[in-house]
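Mind looking over this structure? Questions follow.
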Amino acid sequence: VKRGDQIIFAVNPEGNDSYDGGKLSVRISPKMAESSTANLEEDFGEQGSNGWYYGTCEWDGKNFELLEYDTENQRYDNDGKPELKKDFVEPGNGVNAAYQWVAGEDGIIVIEGEYTKYTNIADVDANGVCLRIVQNRIGERRKGEGMKKGGLIEEVTVNVNITLIYLL
């Protein structure tokens, strides 16, 4: 990656606002000795902390907009939905939830983690989500995983493992 590159993890509602919550666990490990690992759950907090930003975007990562922090509920949201926490994410109100990480320097990074779609047997209209990983807000999709399972009776987990290299 190049310094300033943005990696966006967009959780798309796939067409409805039924309960489609889950958890995104991501670690971004630079392969440079002087750099530290960015961990979404451990770094969650103030916008920009260790390169992380919290907001909304289009399905392809374009038009990323920051959300306000709700101190009382320890989340970023827009009147409830979408909702982004360190251990929970749910798109909604026709808007995608998006975590963005900005590279602090040039180099090689490894993105590892998983997205778990939580169960929902009460709402048969829940049609799942799609996790898309996009580089640089220009639709360079690195990975897209759909979890279109209405009325899940079991959690579904998708693993993420991507290596990105910036070549001069």
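Return the residue satisfying two criteria in turn: it lies in region 21-50 and is in contact with a Leu (Cβ under 9 Å, 6 or more places away or on another chain) and of a type in the set (G, A, S), and of such residues it is surrounded by the fewest Cβ atoms within 10 Å (Cβ to Cβ).
Once the filter is applied, the top-ranked residue is S25.
While we're looking at this one, here's another question. When region 49-87 is examined, which residues are found to be assigned to a strand (DSSP E or B) and within 18 Å of C130 (Cα to Cα)?
Y54, G55, T56, E83, L84
Just wondering, is there one or more residues in region 73-96 that are of a type outside the set (A, V, I, L, M, F, W, C), closer than 22 Å to V160 by Cβ and in contact with a helix residue (DSSP H, G or I) (Cβ under 8 Å, 6 or more places away or on another chain)?
yes
Of all the residues that make up region 97-122, how many are among the β-branched types (V, I, T), open to solvent by less than 20 Å² (accessible area, probe 1.4 Å) and more than 16 Å from I162 (Cα to Cα)?
Residues flagged as among the β-branched types (V, I, T), open to solvent by less than 20 Å² (accessible area, probe 1.4 Å) and more than 16 Å from I162 (Cα to Cα) within region 97-122 amount to 1.
Out of D70, D77, report the one residue that is crowded, with 17+ Cβ neighbours inside 10 Å and without any contact (Cβ under 8 Å) to a residue 24 or more places away in the chain.
Criteria check complete, one pass: D77.
While we're on this one: Over 17 Å from V160 (Cβ atoms), open to solvent by 20 Å² or more (accessible area, probe 1.4 Å) and modelled with pLDDT of 95 or more: does that describe Y53?
Yes: the conditions hold for Y53.
The values are calculated or read from the model by the stated rules, or taken from the named source; none is laboratory data. This is a predicted model, so every value here is computed, not measured. As a convention, Cβ positions derive from the backbone with ideal geometry for all residues, glycine included, and neighbour counts pool all protein chains shown. The accessibility values were calculated without ligands, DNA or RNA, using every heavy atom of the protein model including side chains. Shrake-Rupley method; radii C 1.70, N 1.55, O 1.52, S 1.80 Å.
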